[in-house]
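Enquirer: Sending over a structure as structure tokens; questions will come in a sec.
The values are calculated or read from the model by the stated rules, or taken from the named source; none is laboratory data. It should be emphasised that the depicted structure is a prediction, and the values quoted were computed from it without experimental measurement. All Cβ positions, even for glycine, are placed from backbone atoms using ideal geometry, and neighbour counts span all protein chains on display. Ligands, DNA and RNA are excluded from the accessible area calculation, which covers all protein heavy atoms including side chains. Shrake-Rupley method; radii C 1.70, N 1.55, O 1.52, S 1.80 Å.
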Amino acid sequence: MKLLRSYIAIIGLFGLTTFTACSPDWGEADPPAANQTYPTLEELKVAYSFEYEEGVEPLSDFNLVNGEVAEVVQDDTLGSNVLHLGSGSYVRTNNPFRGTSLQSGAAITFKVKTEVTSPYAALMTIGGEPVDSCGKFFFTANSHLSFTPADPHALQSKSLDVNNPASVKTNAIPGGEWHYVALQIKTDGFVMYVDGSKEAEQTFKPERDTQFKYQDIIDHLMSAPYLYIAAGNDSTLCDAKLDDIKFYRNELTEKQWNQTIGGGASGEGAFEYIVGDPITTVGATDCSAAWWTEFSNYFRIPANGSMKFKFTNHTSGVGNWNNWNIALTTDDERGGSDYAEYVVLRSDLYGWGDAYGSGSWTNEGYGDWDAFRADMEGAVVEVTVTRSGENTIMDAVATAPNGTVYRETFTTKCGTGDDVMRVFFIVDGSWIQFDTEGTVAQTPVEVATTDIGTSDCSAGWWTTFSDYFQIPEGQSLHLGFENHTSGVGNWNNWNLCVSTDDERGGADYLEYFVIRSDLYGWGDAYGSGTWTSEGYDDWDAFRANMEGANVSIDITRDGENVTVDAVATCPNNHVYRETFATKCGDGTQTLRAFLIVDGSYLKMTPSECYLYSPLLK
């Protein structure tokens with residue numbers, strides 16, 4: 001519900017020249033603290049909650065520099081007023097740090113939600129007018145920190161550019177849902193916490209005077225005149241909401257950084273994907289459960305989120321409907337005051353609910369109901385629920401023991417697109433057994449480079465790469481792409497590297513292993529690993545079959561154990577499957593994965609690239 005709207009003045013590049021200078025006499029900073037002064041944390045008086053007393057014009061302390069939408073609205077998730085900036089809109093206000101004494105550092109905490117993941121666009125910038133007139137500091141949702149000194153003749157080495165998304169994808173602040181962010185700048189580095197977890201960090205001490213030092217950023221914060229929200233570099237932030245922006249001098253304590261949108265500490269108030277203890281078996285195994293008496297857990301899907309459920313279906317075989325059923329509802333318990341069913345869908349192409357009439361079905365394999373009732377006993381079912389704004393897609397693929405495949409897809413609009421949806425399963429003269437490994441919450445990863453190599457397969461070895469994909473502890477990565485090959489050698493196809501979380505050639509870069517599509521590899525962890533494979537029996541056929549093959553690669557983590565499972569489905573339907581398992585590090589570190597071509601060419605499928613974590617463990 002929109003609560004307040006304020007059209008604030010558009011400010012050009014001229015007319016405020018009195019305030020464009022960055023000379024230290026305007027709001028002179030206190031001298032640096034001496035040894036006898038202990039740097040204590042202090043929250044600055046300037047903070048933005050976007051709650052305004054009666055008679056105070058919303059956003060009266062901001063100037064709209066660009067765009068059309070800058071407003072204060074009520075957000076249902078937070079239950080409070082928030083700043084909403086439409087795509088390409090950004091605002092400017094006075095820099096709260098100017099004139100303060102930052103002895104050991106500075107910090108900013110805030111809540112943010114972007115419509116989509118935006119790694120390139122600045123969330124906040126501190127600079128002049130124009131924005132880079134006296135040096136510029138900005139940071140993005142990719143934990144990209146950039147600092148350019150005021151002196152236009154300064155050495156390039158005096159600048160900072162860490163976690164640039166052009167080469168490093170951290171996905172620190174994903175789009176589609178609210179996050180609590182705490183950015184700490186210290187005299188020797190920075191830390192970014194998101195929802196109470198450390199997402200990025202750097203400690204850096206210059207070896208010579210001509211190098212960048214973090215004290216330069218702190219000095220800049222004490223002198224630059226303006227704070228920009230949603231602007232500061234060449235990229236545009238796509239539709240953002242922010243709230244509770246606070247500024248601190250010196251270093252945060254755990255109380256400030258270890259928070260989530262739910263208000264608790266990390267792990268306590270984190271987003272709840274599943275309600276209650278995991279239920280892996282739904283319904284009595286004799287198929288005696290009547291309709292609307294036995295249910296799975298509630299599974300909660302945030303805006304633009306996705307979940308995949310895998311289970312074995314069992315049926316009495318009496319009716320077409322005596323199989324699995326799924327409900328997509330509002331975020332409340334059955335019978336609750338805010339409970340409403342968007343749709344309830346069955347495995348036999350039938351359903352109902354508030355959003356059912358405006359939806360649409362597609363299906364494959366259906367046509368013989370007698371066969372269907374028999375085939376669904378023991379069928380392995382994969383159901384994926386995907387949200388994109390208010391559009392929701394339920395896609396279910398059931399593979400019978402005899403190999404027959406039934407696929408049904410239902411598409412409709414559910415809710416406002418920025419709310420939380422609940423999903424649960426119901427049995428009816430049936431029961432289901434969940435696969436704990438295959439039932440997961442999915443988070444899309446950004447794919448900036450969709451074409452790897454050139455379509456003539458001329459790229460040489462170690463010259464062309466995919467994006468970096470980070471794999472945090474406790475999560476796994478799925479990559480989907482189309483493989484093309486010169487056909488000359490077995491190795492002229494896809495290649496995968498799993499490494500430490502650093503750029504190729506970086507000081508902390510180490511290759512745990514590199515593996516190829518032809519059951520070969522190398523690296524520090526390769527020798528202790530194991531291979532299994534299916535479908536490999538004729539290398540001449542392999543080289544021909546891999547042209548145009550659709551490949552899916554899963555890199556799963558279980559502590560220090562890392563497993564790569566790669567499945568290539570060729571145009572002639574031949575399937576090659578290779579699995580490589582080894583140990584990487586101590587299991588607590590973030591891994592990095594990337595693809596390499598070699599006389600080959602890969603076309604990434606962005607919708608098939610995502611991080612995932614198990615729901616039933």
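Enquirer: Looking at region 171-181, which of its residues are assigned to a strand (DSSP E or B) and buried (at least 23 other Cβ atoms within 10 Å of the Cβ)? Even if it seems obvious, please write down each step before you answer.
Expert: Kept after step one, since they are assigned to a strand (DSSP E or B), are these residues of region 171-181: 179-181.
Within region 171-181, Tyr180, Val181 meet the criteria.
Enquirer: While we're on this one: Anything in region 82-113 that is of a type in the set (Val, Ile, Thr) and under 21 Å from Val191 (Cβ atoms)? List them, or say none.
Expert: Thr100, Ile108, Thr109, Val112
Enquirer: Filter region 66-84 for residues that are touching an Asp or Glu at 6+ places or on another chain (Cβ under 8 Å) and either without any contact (Cβ under 8 Å) to a residue 24 or more places away in the chain or of a type outside the set (A, V, I, L, M) (or both) and give the result.
Expert: Matches in region 66-84: Asp75, Asp76, Thr77, Ser80, Asn81, His84.
Enquirer: Of all residues in region 42-85, which are of a type in the set (S, T, N, Q), more than 23 Å from Ile261 (Cα to Cα) and surrounded by 14 or more Cβ atoms within 10 Å (Cβ to Cβ)?
Expert: Once the filter is applied, which keeps residues that are of a type in the set (S, T, N, Q), more than 23 Å from Ile261 (Cα to Cα) and surrounded by 14 or more Cβ atoms within 10 Å (Cβ to Cβ), region 42-85 yields Asn63, Asn66.
Enquirer: Which members of region 150-170 meet the condition of being in a loop (DSSP other than H, G, I, E, B) and either open to solvent by 30 Å² or more (accessible area, probe 1.4 Å) or of a type in the set (Gly, Ala, Ser) (or both)?
Expert: Residues satisfying the conditions are Ala150, Asp151, Pro152, His153, Ala154, Leu155, Ser159, Asn163, Asn164, Ala166, Ser167.
Enquirer: Is region 409-423 home to any residue that is at pLDDT 95 or above, within 22 Å of Ala374 (Cβ to Cβ), open to solvent by less than 10 Å² (accessible area, probe 1.4 Å) and part of a strand (DSSP E or B)?
Expert: No: region 409-423 contains no residue that is at pLDDT 95 or above, within 22 Å of Ala374 (Cβ to Cβ), open to solvent by less than 10 Å² (accessible area, probe 1.4 Å) and part of a strand (DSSP E or B).
Enquirer: Another question, if that's okay. I'm checking my understanding of the structure. Among residues of region 190-242 that are farther than 15 Å from Phe139 by Cβ and among the hydroxyl-bearing types (Ser, Thr, Tyr), which one is farthest from the chain's Cα centre (by Cα)?
Expert: Among residues in region 190-242 that are farther than 15 Å from Phe139 by Cβ and among the hydroxyl-bearing types (Ser, Thr, Tyr), the one farthest from the chain's Cα centre (by Cα) is Thr210.
Enquirer: Mind checking which pairs have a first residue in region 301-327 that is without any contact (Cβ under 8 Å) to a residue 12 or more places away in the chain and a second that is surrounded by fewer than 22 Cβ atoms within 10 Å (Cβ to Cβ), Cβ under 7 Å, 6 or more apart or different chains?
Expert: Correct list of pairs: empty, since none qualify.
Enquirer: Same structure, new question: Within region 89-126, track down each residue that is within 14 Å of Ile218 (Cβ to Cβ) and either under 21 Å from the mean Cα position of the chain (by Cα) or in a strand (DSSP E or B) (or both).
Expert: If the condition is that a residue be within 14 Å of Ile218 (Cβ to Cβ) and either under 21 Å from the mean Cα position of the chain (by Cα) or in a strand (DSSP E or B) (or both), then Gly105, Ala106, Ala107, Ile108, Ile126 are the ones that fit.
Enquirer: Suppose we filter region 182-191 for residues that are outside any strand (DSSP E or B) and open to solvent by less than 20 Å² (accessible area, probe 1.4 Å); how many remain? I'd like the intermediate steps shown before the answer.
Expert: The first filter runs over region 182-191 and keeps only residues outside any strand (DSSP E or B), leaving 187-188.
Next, from what is left, pick out any that are open to solvent by less than 20 Å² (accessible area, probe 1.4 Å): none.
Residues flagged as outside any strand (DSSP E or B) and open to solvent by less than 20 Å² (accessible area, probe 1.4 Å) within region 182-191 amount to 0.
Enquirer: Looking at (1) out of contact with any Asp or Glu (no Cβ under 6 Å at 6 or more places or on another chain); (2) open to solvent by less than 20 Å² (accessible area, probe 1.4 Å); (3) more than 22 Å from Ser167 (Cα to Cα), find the lone condition where Ser613 falls short.
Expert: Only one criterion is unmet by Ser613, namely (2).
Let's see how each residue does on (1) at pLDDT 95 or above; (2) in contact with a strand residue (DSSP E or B) (Cβ under 9 Å, 6 or more places away or on another chain); (3) within 30 Å of Leu78 (Cβ to Cβ); (4) surrounded by fewer than 14 Cβ atoms within 10 Å (Cβ to Cβ):
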position: Phe299; (1), (2), (3), (4): yes, yes, yes, no
position: Gly319; (1), (2), (3), (4): yes, no, no, no
position: Tyr339; (1), (2), (3), (4): yes, yes, yes, yes
position: Ser347; (1), (2), (3), (4): yes, yes, no, no
position: Ala355; (1), (2), (3), (4): yes, yes, yes, no
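Enquirer: Using beta carbons and a limit of 9 Å, which pairs, at least six apart or on different chains, have the first residue in region 444-460 and at positive phi and the second one aromatic (Phe, Trp, Tyr)?
Expert: Within 9 Å, the pairs are Gly453/Tyr601; Cys457/Tyr601.
Enquirer: Search region 583-610 for residues being in contact with an Asp or Glu (Cβ under 9 Å, 6 or more places away or on another chain) and of a type in the set (S, T, N, Q), and hand back the single one that is most open to solvent (accessible area, probe 1.4 Å).
Expert: Step by step, filter region 583-610, then rank; the result is Thr588.
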